[in-house]
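Beneath this line is the structure, given in structure tokens, with notes to follow.
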Amino acid sequence: MFLDLKIENVFASVSEWSDSDVASYKAKKDNIAIRLEEYLFNGNNLLDAEKIQQSVFPETEIDIFISHSHNDEDQAIRIALSLEEIGLKPFVDSCAWGYADELLKKIDNKFCIPPGWENYSYALRNRTTTNVHLILNAALQQMIHRSELFVFLGTESSIKIDEYMSDTERLSSPWIFSELMFAQNVKRTERKQLELGGLESYGKLNEAVFDSKPLEFRYLLPQSTYSMDYKQFIEWLSSYSQPEAPDSIRRIRGFEHIDKLYAELGVDAKLLEAPRFS
């Protein structure tokens, strides 16, 4: 990961992406089937964590990791669609949460109801929940590490002002807390380099183209290295203009646009000296 960015004052805004577009994006994750029997060692009650990660979180190219509250999923997806439109490859973290819930339910139904019982065993469920959440957390951290830019959407749903400590921002989501802490501490990498393949020069590319309140925890909000107001972020995102072009060219253009974002954020010019393309 090269850089982490907090988008502040996020609000619902007019978007070119319809509810149907958002629903289609969500449907992509439904293509991954959770087949519990494939994760068992020799059909026994031993689950292979590595196989679960490989099945649910396949090795894919990730340019931008989007961290957000569950209530802001549709807004995060609309941003992801805009990033895809300029040739980049975003990952919306909530697209992983559903896999964990489905997997956990299948494991609990098979292993957490002792013979003669009608309900789950509390002790067994604690164990399965801990393991599945650790698998999910490890997979999300790997995706953050593989991404170039980590973006956190700071909204009223994701950030709560502490009721007891004035002006102290806190989180209610352990997932967001974990992602922000990892993004804060992960080893920084250089920006991604793209292979231009057999193309003679980049210059030629320029010519192509519930009723009761549930129990909640509060986590102190880890600070991001950079921050930007939502309006400014949307202005950067919508300022991209490029005619139709092959995916390879669109991705190159997308990375050029990210570099404009880095410059706007005031990233040290020395960190941007390494060539993007080789």
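The values are calculated or read from the model by the stated rules, or taken from the named source; none is laboratory data. A quick note: this is a predicted structure, and the numbers were derived from the prediction, not measured. Reconstructed Cβ throughout: ideal geometry from the backbone, glycine too, with neighbour counts over all protein chains shown. Keep in mind that these areas ignore ligands, DNA and RNA; they rest on the heavy atoms of the full protein, side chains included. Shrake-Rupley method; radii C 1.70, N 1.55, O 1.52, S 1.80 Å.
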**Asked** Counting only residues that are of a type in the set (S, T, N, Q) and farther than 30 Å from K187 by Cα, which one in the stretch 1-31 is modelled with the lowest pLDDT?
**Response** N31
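Please pick out the residue among S158, S178 that is at pLDDT 90 or above, of a type in the set (S, T, Y) and surrounded by 18 or more Cβ atoms within 10 Å (Cβ to Cβ).
Working: S158 fails: at pLDDT 90 or above.
So the residue among S158, S178 that is at pLDDT 90 or above, of a type in the set (S, T, Y) and surrounded by 18 or more Cβ atoms within 10 Å (Cβ to Cβ) is S178.
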**Request:** Hey, could you check the stretch 208-231 for residues that are closer than 22 Å to I79 by Cβ and open to solvent by 70 Å² or more (accessible area, probe 1.4 Å) and say which is modelled with the lowest pLDDT?
**Result:** Q223
**Message:** For the condition of a type in the set (F, W, Y), assigned to a helix (DSSP H, G or I) and under 30 Å from K270 (Cα atoms), what is the one hit in F182, F150?
**Reply:** F182
**Prompt:** Which pairs do you get when a residue that is within 16 Å of I62 (Cα to Cα) and among the charged types (D, E, K, R), found in the stretch 239-260, comes within reach of a residue that is open to solvent by 50 Å² or more (accessible area, probe 1.4 Å) and not in a loop (DSSP other than H, G, I, E, B), reach meaning Cβ atoms under 9 angstrom, with the pair 6+ apart or on two chains?
**Reply:** R250/E85
**Prompt:** Can you pull out the residues in the stretch 226-247 that are farther than 26 Å from L194 by Cα and touching a Lys or Arg at 6+ places or on another chain (Cβ under 6 Å)?
**Reply:** S227
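Per-residue answers, yes or no, for (1) polar (S, T, N, Q); (2) out of contact with any helix residue (DSSP H, G or I) (no Cβ under 6 Å at 6 or more places or on another chain); (3) surrounded by fewer than 11 Cβ atoms within 10 Å (Cβ to Cβ); (4) part of a loop (DSSP other than H, G, I, E, B):
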position	(1), (2), (3), (4)
I234	no, yes, no, no
L237	no, no, no, no
P243	no, yes, yes, yes
S248	yes, yes, no, no
R253	no, yes, no, no
E256	no, yes, no, no
L271	no, yes, no, no
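Within the stretch 32-59, take every residue that is closer than 25 Å to F177 by Cβ and at pLDDT 75 or above and give me the one that is least open to solvent (accessible area, probe 1.4 Å). Quick ask: steps written out before the conclusion?
From the stretch 32-59, those closer than 25 Å to F177 by Cβ are 49, 52-53, 56-57; that's our starting set.
Right, trim to at pLDDT 75 or above and you get 49, 52-53.
Values: A49: 47, I52: 6, Q53: 39 Å².
For the stretch 32-59, the residue satisfying everything is I52.
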**Message:** For the stretch 110-136, which positions are out of contact with any Leu (no Cβ under 9 Å at 6 or more places or on another chain), part of a helix (DSSP H, G or I) and open to solvent by 80 Å² or more (accessible area, probe 1.4 Å)?
**Reply:** Y122, R127, L134
